[in-house]
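The values are calculated or read from the model by the stated rules, or taken from the named source; none is laboratory data. All of these numbers come straight from a predicted model, not from anything done at the bench. In this analysis, Cβ positions are derived from the backbone assuming ideal geometry, glycine residues included, and neighbour counts consider all displayed protein chains.
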Amino acid sequence: MTSLSQNMVPKLWSFAYLSLKSLGNWFVDLNDRYKFFEVWANKVNYPPTVHWISYYTYPTGFTTGLLQKFARKDDKSPPIDKLAFDFIPTPRPVADITEQPKDGAFITGLFLEGAKWNHDKQFLMEPEVMELFCSMPVIHFRPIPMRAKSLPNLYVCPTYYYPSR
């Protein structure tokens, strides 16, 4: 009852998934997660055209599944341990994406801290004053064979599941 009166998620509920949100925001998030998976489970939108990566309790399981599917596509596909991802920002909003990519998946639900995405020019830039978090555009996680050397002008950005590190 103390947690509820302080708008905090009770510790006994933390088995569902880790969250740093207040109780009210946690309920909104839980409801959104439920709706996403309910639509998918009822095959209304099977599979989803855009996956909300932040709704997955363990997103690495999902991304590993994308690599496995690509590795098993045909006899010429490299084994999973020889695959990586290309992360291709998509300038279209979620509502405009109505088709599945040939390989991989369209992902949304990622946020930047300390930077901002320029949607017109498709690059990272400084955020506005007092702008702490900025949403990323839809990103195509496309499986590819690992490259021998990295591309020039490529920023390898750390990604965290939760705001606490």
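Filtered by the rule that a residue be under 17 Å from Cys157 (Cβ atoms), touching a residue at least 12 places away in the same chain (Cβ under 8 Å) and not hydrophobic (A, V, I, L, M, F, W, C), region 120-129 gives Gln122, Pro127. When region 60-91 is filtered for residues that are in contact with a helix residue (DSSP H, G or I) (Cβ under 8 Å, 6 or more places away or on another chain), of a type in the set (A, V, I, L, M, F, W, C) and outside any helix (DSSP H, G or I), the ones remaining, listed by number, are Leu83, Phe85. Considered as a group, the residues in region 111-165 that are under 21 Å from Thr57 (Cβ atoms) and not assigned by TED's automatic domain parsing to the domain that holds Gln68 include one that is surrounded by the most Cβ atoms within 10 Å (Cβ to Cβ), and that residue is Tyr161. I'm trying to understand the selection: among the residues of region 51-79, which are among the aliphatic types (A, V, I, L, M) and either assigned by TED's automatic domain parsing to the domain that holds Lys21 or more than 18 Å from Phe111 (Cβ to Cβ) (or both)? Answer for region 51-79, where residues must be among the aliphatic types (A, V, I, L, M) and either assigned by TED's automatic domain parsing to the domain that holds Lys21 or more than 18 Å from Phe111 (Cβ to Cβ) (or both): Leu66, Leu67, Ala71. Applying a threshold of 9 Å to beta carbon distances and a minimum spacing of six or more residues, or different chains, the list of pairs starting in region 1-14 at a residue that is surrounded by 10 or more Cβ atoms within 10 Å (Cβ to Cβ) and ending at one that is among the polar types (S, T, N, Q) and modelled with pLDDT under 90 reads Met8/Thr2; Val9/Ser3; Val9/Ser19; Pro10/Thr2; Pro10/Ser3; Trp13/Ser3.
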